[in-house]
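The values are calculated or read from the model by the stated rules, or taken from the named source; none is laboratory data. This structure is a prediction, so every number in the text was calculated from the model and none was measured. Cβ: placed from backbone, ideal geometry, glycine included. Neighbour counts: every protein chain shown. These area figures cover heavy atoms from the full protein model, side chains too; ligands, DNA and RNA do not enter into them. Shrake-Rupley method; radii C 1.70, N 1.55, O 1.52, S 1.80 Å.
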There are 2 protein chains.
Amino acid sequence: MTLEKTLIVGTGLIGTSAALALREKGVAVYLSDVDAHAVRTARALGAGQEWTGQSVDLALIAVPPPIVGQQLADLQKREAARAYTDVTSVKVGPIADAERLGCDLTSYVPGHPLAGRERSGPAAARADLFLGRPWALCPHPETGADAVRLARELVSMCGAEAVTVSAGEHDAAVALVSHAPHVAASAVAACLKDGDDVALGLAGQGLRDVTRIAAGDPRLWRTILSRNALPVAGVLERIAADLAAAASALRSGDLDDVTDLLRRGVDGHGRIPDKHGGPAREYTVIQVVLQDRPGELARLFNAAGLADVNIEDVRLEHSAGLPVGVVEVSVRPEDTGRLAKALRFHGWHVPPVPGGNSGVDQA
Amino acid sequence: MTLEKTLIVGTGLIGTSAALALREKGVAVYLSDVDAHAVRTARALGAGQEWTGQSVDLALIAVPPPIVGQQLADLQKREAARAYTDVTSVKVGPIADAERLGCDLTSYVPGHPLAGRERSGPAAARADLFLGRPWALCPHPETGADAVRLARELVSMCGAEAVTVSAGEHDAAVALVSHAPHVAASAVAACLKDGDDVALGLAGQGLRDVTRIAAGDPRLWRTILSRNALPVAGVLERIAADLAAAASALRSGDLDDVTDLLRRGVDGHGRIPDKHGGPAREYTVIQVVLQDRPGELARLFNAAGLADVNIEDVRLEHSAGLPVGVVEVSVRPEDTGRLAKALRFHGWHVPPVPGGNSGVDQA
């Protein structure tokens with residue numbers, strides 16, 4: 001059995017983006033949402049046609065976490081699809097709801113695409129929203145192989161990478177790599193609320209990076225955190241304990257605990273995979289001074305392209321008060337010489353660049 | 001009196017970079033370092049000539065924090081300069097040392113350039129290291145106006161922006177915007193040390209940003225933190241308390257404290273100035289899918305340059321497992337339409353982009 005007909009329940013950002021991706025693959029897509037306006041918008045974007053009860057291969061339930069279980073029960077009662085999956089960012093809760101409501105777990109494949117945007121709603125949808133992102137699938141012991149196959153086919157059609165993991169492991173994982181770090185970033189940023197302007201004037205790129213995600217919508221995050229409360233609490237307690245221990249070590253003057261924490265931080269940071277899925281690799285960082293005017297980045301990346309050098313990462317070092325900045329481009333160490341030569345040829349000032357490093361700004 | 005002759009004591013990254021900047025401005029630069037090899041390297045880079053006791057206008061003391069006071073005392077005994085400044089990242093300690101050692105505080109202008117690199121030593125020096133960066137000056141009540149004038153002249157010749165602040169305010173400020181955030185990032189990253197590979201496979205750009213600075217050299221940071229222990233401890237205690245409170249709120253199920261923390265985080269994040277020194281402004285983020293091959297960024301930034309659109313910020317969304325990524329370019333809201341049109345004209349897929357937003361990834 002292959003994926004020919006799908007039903008998208010909930011035409012928000014995630015549901016409509018999946019619909020657009022499936023349409024591009026020629027899959028028939030039916031759309032359903034309690035908000036008729038949302039369905040109209042999704043249809044206008046070419047995401048599919050309105051659902052009028054057609055039976056499909058797979059139903060993608062893209063509704064808020066608290067109502068996933070009820071939605072699944074209703075759809076199964078109508079025999080809307082041969083298999084069902086959802087997209088909520090926590091998984092233990094919806095599965096428990098489904099069991100409590102007597103749903104048929106053999107056709108339910110709990111899922112979670114790790115993709116999102118700063119905005120929501122069908123108007124923000126993009127067919128490429130999931131491209132290259134992990135998409136967790138958390139089959140229940142009762143889940144049937146055909147249902148899993150259909151869900152994997154949907155994930156692959158969306159250009160995402162299926163990651164099979166148990167619901168408990170999933171929730172613990174996102175608590176560790178997403179939910180708790182968000183709260184930690186909020187706590188660092190919260191300290192800035194009452195900082196004086198002089199202090200904030202000394203802020204550098206490091207602070208901007210640490211606090212960037214703290215700008216996220218508090219209501220959305222309250223919902224996410226409430227559904228994954230215990231795993232997140234566990235991680236936050238470890239972070240809080242480490243920080244409290246570091247603080248008392250600093251007060252006592254015995255910094256061994258602090259050094260140990262810094263060392264564990266280096267090790268932990270090194271475990272984050274790079275974009276090609278391997279362990280984080282060391283790139284050489286080349287810093288170039290930019291005038292803050294149109295075309296500067298174009299000139300620089302042109303030079304890199306002409307030198308056949310692939311830019312692995314790029315970062316603008318914002319500078320307070322002056323209309324200039326430094327762009328840091330990360331490249332494979334073996335490409336460093338070629339790029340530096342090319343940039344100099346095109347008139348950029350490029351300082352001597354020794355071997356690979358992690359590009360950490362210690363300002 | 002103007003800055004014509006300078007002495008750089010300590011020809012590491014900071015000292016040699018300042019020397020290179022001063023040389024470009026035609027200032028006579030003398031170099032001194034306990035490590036003869038470091039002086040040779042700096043001279044080879046064109047940073048100046050070896051110091052043989054010449055008297056100068058200003059001596060820049062770029063040695064490790066613990067020996068700044070002694071260095072100042074020695075130089076003053078030799079009447080090496082009319083004024084003295086240093087570059088250590090904490091300021092109360094060196095001033096106390098200088099007072100204890102009976103230094104002449106009228107000619108001493110404690111300073112701290114907020115600039116750095118992932119590497120150290122004269123070979124990593126760049127004349128533009130300080131370009132556009134804040135450079136704190138912390139004159140003591142006894143410090144003379146001429147000495148401050150000379151120090152400000154040096155800062156301006158380095159292309160940096162002088163920020164006058166008291167030593168105590170400075171140390172509290174860097175604890176808030178740099179030192180404590182570094183420890184917090186280490187604590188988040190430390191939790192990843194024992195995370196399983198599946199969990200880390202779900203990591204996104206948010207986690208990479210929060211933990212990036214945690215890759216910094218633990219020994220360097222131990223020294224920095226030990227010199228600013230109490231201010232850093234104070235901030236860490238606030239962060240630890242907020243995180244512990246959030247954890248217990250999550251366990252109790254009453255999430256009001258969590259929501260409050262998230263809201264304070266949004267407010268605090270909004271206080272970080274943008275690169276032009278004003279309050280953080282909202283840019284519109286345009287996301288474009290990139291093939292991971294040379295020249296893609298060049299094509300994109302070319303299109304932006306041709307459209308006369310200035311890229312305010314750029315970020316590569318790394319994607320695990322697939323050779324594609326999404327580049328997020330931030331532009332002024334009024335430039336959005338022009339850029340989107342230009343990118344589409346050049347063949348990029350650009351989704352509909354409504355008004356300004358902060359580009360926060362809520363995945």
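On a 0 to 90 degree scale, rounded to 10, what angle separates helix A:68-77 from the longest Cα axis of chain A?
30
Using every pair of alpha-carbon atoms in the protein assembly as shown, split the distances into 10 Å bins beginning at 0 and state the percent of pairs per bin, rounded to integers.
Taking every Cα pair in the protein assembly as shown, the percentages come to 3, 14, 23, 24, 18, 10, 5, 2, 1, 0.
Test of understanding: express the Cα radius of gyration of the stretch B:141-228 as a ratio to 2.2 N^0.38 Å, with N the residue count.
1.57
What list of ³J(HN,Hα) couplings, whole Hz, do you get for the stretch A:173-179 from phi and the Karplus terms 6.51, -1.76, 1.60, once you set θ to phi - 60° and write x for glycine and proline?
So the Karplus estimates, Gly and Pro as x, are 5, 5, 4, 6, 9, 9, 6 Hz.
Can you list the HN-Hα couplings for the stretch A:183-192, worked out from phi with the Karplus curve (6.51, -1.76, 1.60; θ = phi - 60°), rounded to whole Hz and with x for Gly and Pro?
Whole-Hz 3J(HN,Hα) from phi for the stretch A:183-192: 5, 5, 4, 5, 5, 5, 5, 4, 5, 7.
Per 5 Å bin, what percent of the C-alpha pairs of the stretch B:1-42 does each bin hold, from zero upward?
That works out to 6, 26, 33, 21, 10, 3, 1, in percent per bin.
Which value at 222 nm does chain A reach when only helices count, each DSSP H run of 4 or more adding -39,500 (n - 2.57), with the total divided by all residues and rounded to the nearest 500 deg cm²/dmol?
Value at 222 nm, helices only: -13000 deg cm²/dmol.
Any chance you could look up the accessible area of A:ILE14 with a 1.4 Å probe, heavy atoms only, rounded to 10 Å²?
Answer for A:ILE14: close to 40 Å² accessible.
When the Cα centres of the stretch A:51-120 and the stretch A:4-29 are compared, how far apart do they sit, in Å?
14
For B:ASP35 and B:ARG149 in one chain, what is 0.36 nm times their gap in residues minus the Cα-Cα distance, to one decimal in nm?
38.0 nm
Per 5 Å bin, what percent of the C-alpha pairs of the stretch B:1-92 does each bin hold, from zero upward?
All Cα pairs, binned at 5 Å, distribute as 3, 15, 28, 26, 19, 7, 1 percent.
Return the long-range amide H neighbours of B:ASP313 (sequence gap of 5 or more, or a different chain), with a cut-off of under 5 Å between placed amide H atoms.
Close amide H contacts, sequence-distant or interchain: B:SER330.
State the antiparallel share, in %, of DSSP beta bridges confined to chain B, rounding to the nearest 5.
If I count the DSSP bridges inside chain B, around 45 percent turn out antiparallel.
Measure nothing but the geometry: give the 0 to 90° angle between the long axis through the Cα atoms of B:296-306 and the longest principal axis through the Cα atoms of chain B, rounded to 10°.
80
Sequence-distant or interchain residues sharing an amide H contact under 5 Å with A:THR164, placed H: which?
The list, which skips near neighbours in sequence, is A:LEU137.
Kindly state, to the nearest 0.05, the FRET efficiency for B:ILE67 paired with A:ASP196, given R0 = 30 Å and r defined as their beta-carbon distance.
Result of the calculation: an efficiency of 0.45.
Which cross-chain or sequence-distant (5 or more) residues have an amide H under 5 Å from the amide H of A:GLU50, H modelled 1.01 Å from N in plane?
Sorted by chain and number, the residues that satisfy this are A:LEU31.
Roughly what % of DSSP beta bridges within the protein assembly as shown run antiparallel, to the nearest 5?
Close to 45 percent.
Work out from phi, with θ = phi - 60° and the Karplus expression 6.51 cos²θ - 1.76 cosθ + 1.60, the ³J(HN,Hα) of each residue of the stretch A:335-348, listed in order in whole Hz, and give x for Gly and Pro.
8, 4, x, 4, 5, 4, 4, 5, 5, 5, 4, 8, x, 7
With no solvent and one point on each alpha carbon, what is the Debye value of log10 I(q)/I(0) for the stretch A:102-150 at q = 0.23 Å⁻¹?
Relative scattering, expressed as log10 I(q)/I(0), comes to -0.84.
Could you work out how far helix B:256-270 tilts from the main Cα principal axis of chain B, as a 0 to 90 degree angle to the nearest 10?
Computed tilt is about 60 degrees.
Jot down the radius of gyration and Dmax of chain A, Cα atoms only, both in angstrom.
In Å, with Rg to one decimal and Dmax whole: 24.1, 70.
For the stretch A:33-144, count all C-alpha to C-alpha pairs, find those more than 23 Å apart, and express that count as a whole percent of the total.
31
Taking springs between alpha-carbon atoms closer than 10 angstrom, which of B:VAL56, B:VAL27, B:VAL309 fluctuates most in the Gaussian network model of chain B?
Highest fluctuation of the listed residues: B:VAL309.
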